[in-house]
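Notes for the one structure printed next.
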Amino acid sequence: MPITIETLTDDQRVWAHEIIEDNWGSTRMVSRGVLYDVTTFPGLVAVLDDQRVGLLTYRIEAGECEIMSLDSLVEGHGVGTALLAAVAEIARAAGCQRLVLITTNDNTHAFRFYQRRGWRLCGVRVGAVDDARRLKPEIPLIGNDEIPIHDEIELEYCL
C-alpha cells in the first residue's frame with residue numbers, strides 16, 4: 001500500500017506535539033539563533049495502512065522553505081522521502097527557490113539521508129549550538145555516536 005501525505009490538521013496537533021516532544025526532547029527548536037515552537041508551524045503527515053507514520057513541519061519566509069522537523073516513525077518505507085517530495089511541491093507553489101534545513105554536527109544519519117536525495121551542504125555555523133543552549137538549555141552536550149554537539153549544519157535543496 002502506498003504512503004499518502006496529508007496536511008496536518010488541528011485534530012492531529014496533539015499527536016504531532018507528542019511526536020515532536022518524544023523525538024526532539026522539546027517542542028522548542030533553535031534555528032539560526034532564533035527560538036521557535038515547532039508545533040505552531042504547518043505540517044504534513046505521512047499515512048501508511050491507515051496509521052500515521054511520519055511528520056514534517058515547515059515554515060515559509062522570504063522565498064525559502066525551512067524544514068523545521070522531520071520524523072519518520074518507520075524505517076525503510078520511504079516515509080521521509082515522501083514527506084520531502086510533498087513539502088517541495090508546497091514550496092514551489094509558494095514561489096520558493098529552495099528548501100533548507102538546519103541540523104547538528106552529530107547527525108551523520110541525516111547527512112547521508114539528505115545527500116542521497118540531492119541535498120547539498122551549504123553552511124556551517126561553528127559554535128551555534130553552544131550559543132543556542134542559552135535559549136534552549138535542554139540541548140544535550142553529547143549526541144549521536146557520542147559526538148559532542150557544537151555546530152549547526154545547513155543543507156539546501158534547490159527547487
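The values are calculated or read from the model by the stated rules, or taken from the named source; none is laboratory data. Quick caveat: nothing in here was measured; it's all calculated off a predicted structure. Cβ placement follows ideal geometry from the backbone for every residue including glycine, while neighbour counts extend to all protein chains displayed.
Figures for the structure shown
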| item | result |
| --- | --- |
| Enumerated strands (runs of 3 or more DSSP E) restricted to region 54-159, each holding at least 1 residues that are under 23 Å from Pro42 (Cβ atoms) and at pLDDT 95 or above | 64-72, 98-104, 152-158 |
| Near pairs, Cβ below 8 angstrom, 6+ apart or cross-chain, from region 46-69 (touching a residue at least 24 places away in the same chain (Cβ under 8 Å) and over 22 Å from Glu156 (Cβ atoms)) to any residue that is among the hydroxyl-bearing types (Ser, Thr, Tyr) and in a strand (DSSP E or B) | Ala46/Thr4; Ala46/Ser72; Val47/Thr4; Leu48/Thr4; Val53/Ser72 |
| Of all residues making up region 21-47, the number that are hydrophobic (A, V, I, L, M, F, W, C) and at pLDDT below 95 | 6 |
| Some residue of region 145-154 being free of Cβ contacts under 8 Å to residues at least 60 places away in the same chain, crowded, with 18+ Cβ neighbours inside 10 Å and touching a Phe, Trp or Tyr at 6+ places or on another chain (Cβ under 9 Å) | yes |
| Among residues of region 7-33, those that are closer than 19 Å to Ile102 by Cβ, assigned to a helix (DSSP H, G or I) and of a type in the set (S, T, N, Q), counted | 1 |
